[in-house]
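**Q** Input: one structure, supplied below.
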Amino acid sequence: MRYKHFTNANVDVSALAVGTWAIGGQNYGAVDRTDSIKAIHAMLDQGVNLIDTAPCYGNGASEKIVGEALAAVPRENVLVSTKFGLLPDVYSGAYKKVATYKSIMSEVESSLMNLNTDYIDFYFVHWPDVNTPIDETMAALSTLKKQGKIRFVGVSNFSEKQIEDAQEYLQIDVQQPPFSMVNRNFVDLMKWGMERGIDSMTYGSLGSGILSGAIRTLPDFAPGDMRLTFYDFFREPKFSKIMELLKTMDQIAAKHGKPVAQIAINWSTAQDFVGTALVGVRNEQEAMENCAAFDWQLEDDEVALLNAELERLEI
């Protein structure tokens, strides 16, 4: 495993991290609790030292699974990242963005209980709450830091301006934007953050599974599946473009005798503006294959070929 030093947080983080959105099980296909815990442990055994979750991933299910996994390992060896600010509306069931002082103080206690821990390493504002003054949100996080309940402050899905506004009140240590071969919309934001010591934990690192090469025909996901509603990878015309990209990835994978997913992981984690790439795993086999991506590296001409394909296909 490779590690990168996070500047503002002043900690070393594995270049690959456990992403746990899918294991929450809500609108993300079938998952097995036991397999999920084994997958997390397999990642940790291979040198991964960060697990990322959120209370809205399965209405607390993901956090609780992470809590079970943490119970079997030394807590000080694992960096835990979770979030706040997405609360279900009691009438519609849809999530609303709420980052008030009162709501944060309530959410952190729930997350600490779910995770079976007395502190959270990275605590993220999940989405900007435009209805709550940012100084109120930062005041809550400042209080939690003083209380020792959180160590570092993160923002997810924030713009440069929103990060700058937040930093007037409290240092932002990390950010969490989406990034992969098929989603490069926030490269400038990540480079901007890196220059300011705000390292990036990138989500969607395997394009919600499409960069694993396991999906080759347009899938018939159930209505409401997050892979359809949150991403555009499984809709045309992008789906067909990604299938063309996979042909090039297949060639490189065959040359090295490696799974296609390792091509995507190699490519992403080689970017200097990527602090760590969050990758979802459902079982031990996926965990071992993903971590094995660090046993080798793409050659310069292969990186150039992949970049050329991304430009040609306008992905």
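The values are calculated or read from the model by the stated rules, or taken from the named source; none is laboratory data. No experiment lies behind these values; they were computed from the predicted model shown. Cβ sites come from the backbone with ideal geometry, for glycine too, and all protein chains shown count toward neighbours. Keep in mind that these areas ignore ligands, DNA and RNA; they rest on the heavy atoms of the full protein, side chains included. Shrake-Rupley method; radii C 1.70, N 1.55, O 1.52, S 1.80 Å.
**Q** Of the residues ALA9, ALA17, which single one is hydrophobic (A, V, I, L, M, F, W, C), in a loop (DSSP other than H, G, I, E, B) and touching a residue at least 12 places away in the same chain (Cβ under 8 Å)?
**A** Being hydrophobic (A, V, I, L, M, F, W, C), in a loop (DSSP other than H, G, I, E, B) and touching a residue at least 12 places away in the same chain (Cβ under 8 Å) holds for just one of ALA9, ALA17, which is ALA9.
**Q** Tell me yes or no: at least one residue of the stretch 157-174 is surrounded by fewer than 23 Cβ atoms within 10 Å (Cβ to Cβ), in contact (Cβ under 8 Å) with a residue 60 or more places away in the chain and not in a loop (DSSP other than H, G, I, E, B).
**A** no
**Q** Give the residue that is nearest to GLY207 (Cα to Cα), with candidates limited to residues of the stretch 281-314 that are crowded, with 18+ Cβ neighbours inside 10 Å and of a type in the set (A, V, I, L, M).
**A** VAL281
**Q** Given the residues ASP118, ASP52, ASP129, which is the only one that is at pLDDT 95 or above and more than 24 Å from ARG33 (Cβ to Cβ)?
**A** Selected residue: ASP129, the only one of ASP118, ASP52, ASP129 that is at pLDDT 95 or above and more than 24 Å from ARG33 (Cβ to Cβ).
**Q** So ALA61 passes all but one of these: (1) touching a residue at least 60 places away in the same chain (Cβ under 8 Å); (2) open to solvent by 20 Å² or more (accessible area, probe 1.4 Å); (3) not polar (S, T, N, Q). Which condition number does it fail?
**A** (1)
**Q** Which numbered condition trips up LEU278, out of (1) open to solvent by less than 20 Å² (accessible area, probe 1.4 Å); (2) of a type outside the set (D, E, K, R); (3) touching a helix residue (DSSP H, G or I) at 6+ places or on another chain (Cβ under 9 Å)?
**A** (3)
**Q** Then there's this: Which condition number in (1) open to solvent by 40 Å² or more (accessible area, probe 1.4 Å); (2) touching a helix residue (DSSP H, G or I) at 6+ places or on another chain (Cβ under 9 Å); (3) closer than 22 Å to TRP21 by Cα is the one that TYR101 fails?
**A** With (1) open to solvent by 40 Å² or more (accessible area, probe 1.4 Å); (2) touching a helix residue (DSSP H, G or I) at 6+ places or on another chain (Cβ under 9 Å); (3) closer than 22 Å to TRP21 by Cα applied to TYR101, the lone miss is (3).
**Q** While we're looking at this one, here's another question. Got a sec? Which helices (runs of 4 or more DSSP H) wholly within the stretch 184-261 have at least 1 residues that are loosely packed, with under 15 Cβ neighbours inside 10 Å and modelled with pLDDT under 95?
**A** Output list reads 226-229.
**Q** Additional query: Within the stretch 1-42, count every residue that is of a type in the set (A, V, I, L, M), closer than 17 Å to GLU63 by Cβ and at pLDDT 95 or above.
**A** Matching residues across the stretch 1-42 total 5.
**Q** Return a yes/no flag: does the stretch 111-129 have any residue that is touching a Phe, Trp or Tyr at 6+ places or on another chain (Cβ under 9 Å) and farther than 21 Å from ASN157 by Cα.
**A** Scanning the stretch 111-129, I find at least one residue that is touching a Phe, Trp or Tyr at 6+ places or on another chain (Cβ under 9 Å) and farther than 21 Å from ASN157 by Cα, so the answer is yes.
**Q** ALA270 is checked against (1) in contact with a helix residue (DSSP H, G or I) (Cβ under 8 Å, 6 or more places away or on another chain); (2) of a type in the set (A, V, I, L, M, F, W, C); (3) crowded, with 18+ Cβ neighbours inside 10 Å and fails just one. What number does that condition carry?
**A** (3)
**Q** Can you tell me which residue within the stretch 150-189, out of those that are among the polar types (S, T, N, Q) and more than 20 Å from LEU50 (Cβ to Cβ), is nearest to the chain's Cα centre (by Cα)?
**A** ASN183
**Q** Looking at (1) under 22 Å from TRP127 (Cβ atoms); (2) open to solvent by 10 Å² or more (accessible area, probe 1.4 Å), find the lone condition where ALA71 falls short.
**A** The one condition ALA71 does not meet is (1).
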